[in-house]
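To keep things clear, I will list the structure first and then write my remarks on it.
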Amino acid sequence: MTLSEEARDRLADVVELQPTKNAELQERWGVDSGSEVHQILENELGEYYFRDDNSLIRATAEAAELVDVEPGVVNDPDDEGGPSAIRVPELHAQIVEVLAGPDEESESVVSVLHKLRDAYDVDPESEAVRSALQSLRRKDVVEVEYRTVPTFRLALEREDLEVSISDPN
């Protein structure tokens, strides 16, 4: 299957963002709906992606080689814990820096938002913070604890995780 330049770029996004969901790809690709994402995946990238047991979108090994992009998550084969390295957007990296550690009390989206404002002088929408936390959860970097509201903390020690910032485009 020969890929157009646009399809190759989209495949690179799948490799980088995996494991991901339609909504994350919808935002990255600037398309109108999750249905449109599904159509693109099926029609243009069908040979190069699959859905895992949790219905998350992942790239095949062939896809990663084809686009020569670092995967968004690197797991240490000798470790059964979370990933050893992640490549994420800047907001995600900032969250990893401020979020409660694995031995600390989990915190709400609003708490994380306030910590981001204090530490980085940024003002993301609360929905962007929530989405970033859920993306980090899918990458096994963050765990959620359900109390009155969902609360979050790192699932592994900060020093055990290498975080690099991906190019959003």
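The values are calculated or read from the model by the stated rules, or taken from the named source; none is laboratory data. No experiment lies behind these values; they were computed from the predicted model shown. Glycine also receives a Cβ, built like all others from the backbone with ideal geometry; neighbour counts cover every protein chain displayed. The accessibility values were calculated without ligands, DNA or RNA, using every heavy atom of the protein model including side chains. Shrake-Rupley method; radii C 1.70, N 1.55, O 1.52, S 1.80 Å.
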Legend entry - Contact order relative to length of the chain, as percent, for alpha carbon pairs under 8 angstrom and 6 or more apart: 23
Legend entry - Matching label, Rg/Rh (Cα atoms, Kirkwood Rh) computed from the structure shown, candidates (1) 0.98; (2) 1.07; (3) 1.02: (1)
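Show that you can apply the helix-only estimate: for the chain, add -39,500 (n - 2.57) for every DSSP H stretch of four or more residues, divide by all residues, and state [θ] at 222 nm to the nearest 500.
Numbers: 7 runs with 73 residues, N = 169.
About -13000 deg cm²/dmol.
Provide the per residue accessible area, probe 1.4 Å, for the range 1-74, rounded to a whole number of square angstrom.
Details: 4030 Å² over 74 residues.
Ligands and nucleic acids excluded, the result is 55 Å² per residue.
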Inset, instruction - Tally the DSSP beta bridges in the chain and give the antiparallel ones as a percent, rounded to 5. - result: 75
Inset, instruction - Would you mind telling me the share, in percent, of accessible area of the range 76-127 contributed by carbon and sulfur at probe 1.4 angstrom? - result: 42
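Given charges of +1 on the Cβ of Lys and Arg and -1 on the Cβ of Asp and Glu, with all other atoms neutral, how large is the dipole of the chain about its Cα centre, in debye to the nearest 20?
Details: 16 positive and 41 negative charges, 113 e Å.
Here the size comes out at about 540 debye.
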Legend entry - Pairwise centroid distance, computed over Cα atoms, of the range 1-56 with the range 133-150, Å: 23
Inset, instruction - Leaving ligands, DNA and RNA out of it, report the carbon-plus-sulfur percent of the accessible area of the range 1-61 at a 1.4 Å probe. - result: 40
Inset, instruction - Would you rank Glu62, Glu105 by solvent-accessible area, highest first, keeping every protein chain in place and using a 1.4 Å probe? - result: Glu105, Glu62
